[in-house]
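Reviewing the structure listed below.
The values are calculated or read from the model by the stated rules, or taken from the named source; none is laboratory data. Only a predicted model underlies this, so the values are computations on that prediction, with no experimental measurement involved. Quick reminder, even Gly has a Cβ in these numbers, built from the backbone with ideal geometry, and neighbours come from all protein chains shown.
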Amino acid sequence: MLNIIFAFLPLLSTVGCLVLYPLIYPINQNITSYINEHGIYKFTVIQPGFLSFPFILLCVLPVMNHTISLRWWMIIFGILFVDTVEYWRHRVEHFFPLVYKHTHKEHHQQRPMTTIEGFRNQYLDMILPLVPFVTYLYITNMTFIETMILTSLSLIATYADHTLTGDVEYDRKKFHNVHHTSGWNENFQQPFFSYWDIVCGTVAENTIVKYNPFVP
């Protein structure tokens, strides 16, 4: 029963971000205005928390480790793994024009960057990260509860990444907004921290390096 409850966590995290971030930072489009402009279908298909819910219930939950366990060190290692995979995947997508065109170009069509379009991607850009993530889950034997927490934290951090604050000076230097504007070949790391950019020297000048991944 507890596992079924946790299956709703990514969905609830998605809804919470889509409601709260535009409410706190009104410079971002809210759900109503976005749907009025683009339609409910486009709004729905760019939210992985919505799309993945049936898959989580029908395909993920039945085959995963059902042990009622929450090992925080597993979450921490999971965060480090996600950050590592996402940095290098993101950097490769920008390095090869053909890969960029067929996986990541759509994501950079956001003008301006906004909460609701945090996961606006081509399908390949959504599917490819699942391969290393599923492999990691299999190797480490993470419990279903741990997986849902890690997934939800990743969703929240990504939405925060794409949320502008309305503070013009801050937003101009905001780590991921720099990547979407003036630093197209810099500031790759997502969704949590920035250490790979620091180690590899890909932090753009005049950037605010992020330390709290859940605050825009």
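For this structure, a couple of remarks:
- Matching helices (runs of 4 or more DSSP H) fully within segment 11-95 where at least 2 residues are of a type in the set (D, E, K, R): 72-95
- Looking across segment 133-163 at every residue that is crowded, with 16+ Cβ neighbours inside 10 Å, within 18 Å of the chain's Cα centre (by Cα) and of a type in the set (Val, Ile, Thr), the one that is farthest from Thr67 (Cα to Cα) is identified as Thr163.
- Scanning segment 172-184 for residues that are part of a helix (DSSP H, G or I) and either closer than 12 Å to Lys210 by Cα or within 17 Å of the chain's Cα centre (by Cα) (or both) turns up Lys173, Phe175, His176, Asn177, Val178, His179, His180.
- Residue in segment 52-70 that is closer than 21 Å to Asn177 by Cβ and either aliphatic (A, V, I, L, M) or surrounded by 17 or more Cβ atoms within 10 Å (Cβ to Cβ) (or both) present: no
- Residue within segment 102-123 that is buried (at least 23 other Cβ atoms within 10 Å of the Cβ), among the aromatic types (Phe, Trp, Tyr) and on the phi < 0 side of the Ramachandran plot present: no
- Meets criteria (hydroxyl-bearing (Ser, Thr, Tyr), at pLDDT below 95 and assigned to a loop (DSSP other than H, G, I, E, B)) for Tyr138: no
- Filtered by the rule that a residue be part of a helix (DSSP H, G or I) and either within 13 Å of the chain's Cα centre (by Cα) or of a type in the set (Ser, Thr, Tyr) (or both), segment 106-126 gives His107, Thr115, Ile116, Glu117, Tyr123, Asp125, Met126.
- Residues in segment 147-171 that are touching a strand residue (DSSP E or B) at 6+ places or on another chain (Cβ under 9 Å) and either on the phi > 0 side of the Ramachandran plot or part of a helix (DSSP H, G or I) (or both): Thr147, Asp161, Tyr170.
- Scope segment 185-202; condition surrounded by 14 or more Cβ atoms within 10 Å (Cβ to Cβ), part of a loop (DSSP other than H, G, I, E, B) and either at positive phi or touching a residue at least 24 places away in the same chain (Cβ under 8 Å) (or both); matching residues: Asn187, Phe188, Gln189, Gln190, Pro191, Phe192, Phe193, Thr202
- Condition met for Arg120 (among the basic types (Lys, Arg), in contact (Cβ under 8 Å) with a residue 60 or more places away in the chain and under 19 Å from Leu51 (Cα atoms)): yes
- Residue count, segment 123-147 (criterion: under 19 Å from Ile46 (Cα atoms) and touching a residue at least 40 places away in the same chain (Cβ under 8 Å)): 2
- Output for segment 159-180, where each listed residue is touching a residue at least 12 places away in the same chain (Cβ under 8 Å), farther than 22 Å from Gly49 by Cβ and not charged (D, E, K, R): Thr165, Gly166, Tyr170, Phe175, Asn177, Val178, His179
- Of the residues contained in segment 164-173, none is found to be closer than 22 Å to Val19 by Cβ, surrounded by fewer than 23 Cβ atoms within 10 Å (Cβ to Cβ), touching a His at 6+ places or on another chain (Cβ under 6 Å) and not small (Gly, Ala, Ser).
- Selected residue (criterion: surrounded by the fewest Cβ atoms within 10 Å (Cβ to Cβ)) from residues of segment 75-91 that are aliphatic (A, V, I, L, M) and closer than 20 Å to Val131 by Cβ: Leu80
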